[in-house]
Amino acid sequence: MSSKQVVLVTGASTGFGRLFTETLARKGHTVFATMRDPAGRNAKNAGEIRALAAKESLPVHVLEMDVTDEGSVGRAVDAAVAKAGRIDVAINNAGYYLSGLEEAVTTEQARRLMDTNFLGVVRVNRAVLPHMRRQRSGVLVHISSVAGRLILPSTGFYCASKFAMEALAEAYSYELAGQGIESVIVEPGAYETPVFGNTVTAADEARTETYGAAREIPAKINGALSSSAGNAQEVADAVLRIIETPAGEKQLRYRVSAASFGVDEINALTKQVQAGVLEAFGLAGDTKFLKGKAAGSA
């Protein structure tokens, strides 16, 4: 893989995605910043990204992508490959936060959340992987959260979406290692991004009202998260370091936050347990990353 890479970022209009775009492009990586409706609802954000790219001569291209639409994902990936010739890194960042007592979250709200936060990752990875496998190189980056390892009341559905993403990302890491492709997970804590301003709340208010004092839990959690939010540039800098780490030397998980809350201990124990599971099934050798020529390459 060349030192200057071609990177596809989902959810690049604001927040982490916007910072990833700017940070990576300023280091010379070619970035395809994808977002929904760049000619409409995101016209201002798309315009700002294009203006910055022109001003600083950055290798950034804005593409339309709705991760809940398989056709949209495919068209964006095809456009990126047509222009750059390859995709080296796909950063699965698109997603949103759902807050509320779990019983008050409707089935439709749960479906929409998983369609974006989890199935969106499935669609993007399925679109980029044929290109990466032909190259015998590539990196799938999954922007999870410490909520992909820990659970707080009133965040259960959001946590479920991140737990699901982490399970998928870990399975990819085993299956793709022999083809020279890495799958990594980034677990940020609370950072200052528009995510809290765009929070979706549980819709069944009648059920929420029956919970007594517990109905105040979502507000307490959200207030605590907002008040402790750090500088989101820390996460962008971490992602830059990850993608510039040589092939075969990346970790599976990276926790990025001021406090661990026990996540580091969970990750360390999981790594140990998973190694034993793979060994028990006779898969330890099959799931190791192969540097140089990948298995099955000419």
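The values are calculated or read from the model by the stated rules, or taken from the named source; none is laboratory data. Since we're looking at a predicted model, the values are computed, not measured. Counting neighbours? That spans all protein chains shown, and the Cβs are built from the backbone with ideal geometry, glycine included. These accessible areas exclude ligands, DNA and RNA; they are computed on the full protein's heavy atoms, side chains included. Shrake-Rupley method; radii C 1.70, N 1.55, O 1.52, S 1.80 Å.
Table for the structure above
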| item | result |
| --- | --- |
| Helices (runs of 4 or more DSSP H) fully within the stretch 19-118 counting 1 or more residues that are open to solvent by less than 60 Å² (accessible area, probe 1.4 Å) and either among the aromatic types (Phe, Trp, Tyr) or touching a residue at least 40 places away in the same chain (Cβ under 8 Å) (or both) | 70-84, 107-117 |
| The one condition in (1) open to solvent by 50 Å² or more (accessible area, probe 1.4 Å); (2) in a helix (DSSP H, G or I); (3) at pLDDT 95 or above; (4) over 24 Å from Asn125 (Cα atoms) that Gly282 fails to fulfil | (2) |
| Selection from the stretch 124-150 of residues that are more than 13 Å from the chain's Cα centre (by Cα) and not small (Gly, Ala, Ser) | Arg126, Val128, Leu129, Pro130, His131, Met132, Arg133, Arg134, Gln135, Arg136, Arg149, Leu150 |
| Check on Ala190, touching a Leu at 6+ places or on another chain (Cβ under 7 Å) and more than 19 Å from Arg123 (Cβ to Cβ) | yes |
| Filter pass, Ser260 being within 25 Å of the chain's Cα centre (by Cα), at pLDDT below 95 and not basic (Lys, Arg) | yes |
| Residue satisfying all of: in the stretch 151-189; over 12 Å from the mean Cα position of the chain (by Cα) and β-branched (Val, Ile, Thr); nearest to Leu225 (Cα to Cα) among these | Thr155 |
| Residue list for the stretch 238-270, restricted to those being open to solvent by less than 60 Å² (accessible area, probe 1.4 Å), under 23 Å from Thr21 (Cα atoms) and in contact (Cβ under 8 Å) with a residue 60 or more places away in the chain | Val239, Leu240, Ile242, Ile243, Ala247, Lys250, Leu252, Arg253, Tyr254, Val256, Ser257 |
| Cβ-Cβ under 8 Å pairs, at least 6 apart or on other chains, the stretch 176-204 side of a type in the set (Asp, Glu), far side in a loop (DSSP other than H, G, I, E, B) and open to solvent by 40 Å² or more (accessible area, probe 1.4 Å) | Glu182/Ala247; Glu182/Phe289; Glu187/Arg149; Glu192/Asn231; Asp204/Thr106 |
| Per-region count, the stretch 174-220, residues under 30 Å from Leu290 (Cβ atoms) and charged (D, E, K, R) | 3 |
